[in-house]
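The values are calculated or read from the model by the stated rules, or taken from the named source; none is laboratory data. Quick caveat, the model's predicted, so the values are computed rather than measured. Heads up, the Cβs are rebuilt from the backbone with ideal geometry, glycines too, and the neighbour counts pull from every protein chain shown. The area values use the complete protein model at the heavy-atom level, side chains included, leaving out ligands, DNA and RNA. Shrake-Rupley method; radii C 1.70, N 1.55, O 1.52, S 1.80 Å.
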Amino acid sequence: PVPVCHMQENVLQRVLQLPVVSSTCETLQRKYSSTKESHPLMASVCEVYERGVQGAGALAMWGMEPVVRRLEPQFAVANNLACRGLDHLEEKIPALQYPVDK
């Protein structure tokens, strides 16, 4: 059975839960972690980058909050349409339900 979008469901969360996507993300995370562990200089560069991304993300969310609140109804409609599109893709492309190695 193909999952159906519910009101609280977020299309991005659904995409990230697809086995093909989640297994790819896990593989990338493992490679990133092992690279940081293997190369001390790379680890320090990565940590600086990670802190910068976190700070920029927090600042962007704080600045965008009023806009996001006003556009919430439009986001809900777009999310619903995207979920329906994802339902269709999952139905037509069964391989999305398998990890990358399969």
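About its Cα centre, how strong a charge dipole does the chain have in debye, to the nearest 20, once Lys and Arg get +1 and Asp and Glu get -1 at the Cβ?
Values: 10 positive and 11 negative charges, 23 e Å.
It works out to roughly 100 debye.
Within the chain, the proportion of Cα pairs with more than 25 Å between them is 46 percent.
With all protein chains present and a 1.4 Å probe, how do Y32, Y49 order by accessible area, largest first?
On the way: Y32 75, Y49 150 Å².
Largest accessible area first, the residues go Y49, Y32.
Over the chain, accessible surface divided per residue gives 80 Å², non-protein components excluded, 1.4 Å probe.
Across region 32-38, computed HN-Hα scalar couplings (Karplus, 6.51 cos²θ - 1.76 cosθ + 1.60, θ = phi - 60°) run 4, 5, 5, 5, 4, 5, 7 Hz from first to last residue, x flagging Gly and Pro. Coupling constants for region 48-54 follow from the phi torsions by the Karplus curve (6.51 cos²θ - 1.76 cosθ + 1.60, θ = phi - 60°), and in residue order they are 4, 4, 4, 5, x, 5, 4 Hz; glycine and proline get x. Note on W62/C25: beta-carbon distance plugged into 1/(1 + (r/R0)^6) with R0 of 35 Å gives a FRET efficiency of 0.85. Ordered from largest to smallest accessible area (heavy atoms of protein chains, 1.4 Å probe), the residues C83, C25 come out as C25, C83. Note on the chain: with neighbouring protein chains present and a 1.4 Å probe, carbon and sulfur make up 66 percent of its accessible heavy-atom surface. Scattering from region 50-95 was approximated by placing one identical point on each alpha carbon and applying the Debye formula without solvent; log10 I(q)/I(0) at 0.21 1/Å stands at -0.75.
For the chain, what does -39500 (n - 2.57) per DSSP helix run (n ≥ 4), summed and divided by total residues, give at 222 nm, in deg cm²/dmol to the nearest 500? Can you show the working numbers first?
Working: 4 runs with 79 residues, N = 102.
Calculated from helices alone, the mean residue ellipticity at 222 nm is -26500 deg cm²/dmol.
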